[in-house]
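Right, one structure below, let's go through it.
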Amino acid sequence: MRNVWIPVALAACIATAGCATKSNTNLVNAETKLRVAEANPAVTAHAAVPLHDAQTSVAAARTSFEKGDAEVEVDHLSYVASRRVEIAEAIAERNAAQKDVTQLGKERADVVLEARTQEAAIAREDATIAEHQAAISAFSAAALAAELSELKAKQTERGIVVTLGDVLFDVDRSELKPAAMTDLNRLADLLAAEPRRAVLIEGHTDSTGTAGHNDELSRQRADAVASVLTRRGINPSRITTRGFGSSSPLASNETNAGRQENRRVEIVVLEATVPSVSERSR
Amino acid sequence: MRSAFTWVAGLMLLTAIGTVGCSTPRKPAQEVEKADLAIASANTSGAPTDAPLELQIAREKAEKAKAAIRDKDFKLAQRLAEQAQVDAQLAEAKAESESARASATELEHTIEVLRTEAERGVGSAP
């Protein structure tokens with residue numbers, strides 16, 4: 001009978017004690033906040049020390065409450081404990097963000113490196129293209145040289161000079177013989193392939209006959225060559241014709257061979273410049 | 001010999017009285033100093049712009065703590081100073097967290113821009 005009453009009395013005692021012990025809202029709030037923070041993996045991972053401080057603080061508030069300290073003291077300790085939980089959370093967030101910054105910094109460096117690598121690859125590609133272009137222009141220069149040697153062209157200070165001999169014209173006539181056409185067609189092709197080069201066409205005669213007649217004949221022969229090139233598609237603005245008459249002999253006019261050498265049309269293919277308007281009108 | 005023993009006993013008695021004296025509220029100069037240091041530290045962080053409310057609360061409590069010391073209410077002064085300290089620490093932690101997060105976001109943006117540029121660069125390559 002006595003044994004039965006002991007647990008009942010005990011339970012009554014506990015219940016009475018529980019009712020007598022008023023709970024503290026601020027303490028309960030602090031404890032709730034702490035449990036939330038403890039359940040947050042970011043806080044346990046990134047703010048272990050501040051979390052421990054918060055736990056100590058909450059425990060101190062609980063002890064103060066259990067000791068029956070004044071409510072103002074328990075409130076104060078609960079306030080400090082709550083703040084420490086918030087500090088732990090803020091520090092966890094800060095440390096996580098700083099970790100992200102470190103990681104992102106590495107990532108940025110990788111991206112920059114990747115971009116540089118790509119730029120270098122592009123630069124190498126560009127260099128290869130430039131090499132190819134150089135090879136192509138070298139090839140075209142070689143082709144030009146081959147063409148010019150076919151034409152028996154001479155490289156002079158003024159440019160490349162192709163000389164059409166006297167045999168291509170009848171005596172005292174300015175019409176070209178069909179034999180001249182092979183050379184002129186080849187020259188037209190060459191000029192078409194080198195559109196930036198201008199051409200001087202200069203007629204010359206021997207000293208036989210009057211100066212006026214020779215000037216006129218030499219100019220007409222130059223014009224005849226120019227009109228062939230123009231018909232072959234060369235822009236007339238690239239062509240300048242002059243008649244020198246007998247003023248620029250290559251050889252002596254005393255001999256037949258010399259006079260034949262002096263009767264000629266010289267075609268000067270200039271460097272890659274188109275002559276000015278004033279030069280052309282001369 | 002006997003007088004020496006008397007001196008030792010006297011000293012022990014004085015120490016005991018001193019210890020008892022410590023349990024009564026004392027001037028919380030150290031707590032106020034810690035609060036001021038925490039506020040100064042928060043001020044140099046981004047707290048004035050990123051956590052102005054917490055910082056303001058900390059400043060007000062530190063001022064009230066000093067007023068309480070003048071009123072000889074040392075217990076109140078100590079509580080206010082302790083609260084001011086944690087308020088200031090929270091303000092600083094929040095500000096640092098904000099600024100670290102902003103840096104991370106900015107970096108993310110920079111990386112995105114770099115990636116886009118790199119892709120465009122490859123696309124327009126000859």
Among B:53, A:184, which comes first, second and so on when ranked by fewest other beta-carbon atoms within 10 Å? B:53, A:184
q = 0.13, 0.14, 0.15 Å⁻¹: log10 I(q)/I(0) that the Debye formula gives for segment A:153-263, counting C-alpha atoms only: -0.48, -0.56, -0.64
HN-Hα J couplings of segment B:78-93 from phi, Karplus 6.51/-1.76/1.60, θ = phi - 60°, integer Hz, Gly and Pro as x? 5, 4, 4, 5, 5, 5, 4, 4, 5, 4, 5, 5, 5, 4, 5, 4
Fluctuation leader among A:201, A:91, A:122 - chain A, Gaussian network, Cα springs under 10 angstrom: A:91
log₁₀ of I(q)/I(0) at q = 0.07, 0.09, 0.11, 0.15 Å⁻¹ - chain A, Debye sum with one point per alpha carbon: -0.54, -0.68, -0.81, -1.08
For segment A:100-229, convex hull volume per residue from C-alpha positions, Å³: 151 Å³
So what is the relative contact order for chain A, in percent, with contacts set as C-alpha pairs under 8 Å and at least six apart? 15 percent
On the formula 1/(1 + (r/R0)^6), with r taken between the Cβ atoms of residue A:67 and residue B:73 and R0 of 30 Å, the FRET efficiency rounded to 0.05 is 0.85
Rounded to a whole number, the Stokes-Einstein D of segment B:49-123 in µm²/s (Kirkwood radius over Cα pairs; 25 °C; 0.890 mPa s) is 162 µm²/s
How much net charge surrounds residue B:96 when only other residues with a Cβ under 10 Å from its Cβ are counted (Lys, Arg +1; Asp, Glu -1)? -1
Please build a GNM for chain A, connecting alpha carbons under 10 Å apart, and tell me which residue among A:143, A:42, A:127 fluctuates the most. A:42
Run the helix sum for chain A: -39,500 (n - 2.57) per DSSP H stretch of 4+ residues, divided by residue count, reported at 222 nm to the nearest 500 deg cm²/dmol. -23000 deg cm²/dmol
quick shape note, segment A:89-135: Cα extents on principal axes in Å, largest first -> 68, 8, 5
What ranking of A:34, B:107 emerges when the number of other C-beta atoms within 10 Å of each C-beta is taken as an exposure proxy, fewest first? B:107, A:34
Grab the beta carbon distance between residue A:48 and residue B:37, set R0 = 22 Å, and tell me the FRET efficiency rounded to 0.05. 0.40
Starting from the Cα of residue A:154, step 7 Å along the direction of its Cβ; do the same at residue B:115; then give the gap between the two resulting points in nm. 7.1 nm
For a footprinting-style exposure proxy, rank A:218, B:103, A:137 by other Cβ within 10 Å, fewest first. A:137, B:103, A:218
Alpha-carbon centroid distance for the pair segment A:174-205 / segment A:215-277, whole angstrom: 10 Å
Top mean-square fluctuation among A:94, A:242, A:186, Gaussian network model of chain A, C-alpha springs under 10 Å? A:94
Once both axes come from the Cα atoms, what is the angle between helix A:180-193 and the longest principal axis of chain A, in degrees from 0 to 90, rounded to 10? 20 degrees
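The numbers here are math on the coordinates, done by the rules we state, and not lab data. Everything quoted here is computed from the prediction, not taken from an experiment. Cβ: placed from backbone, ideal geometry, glycine included. Neighbour counts: every protein chain shown.
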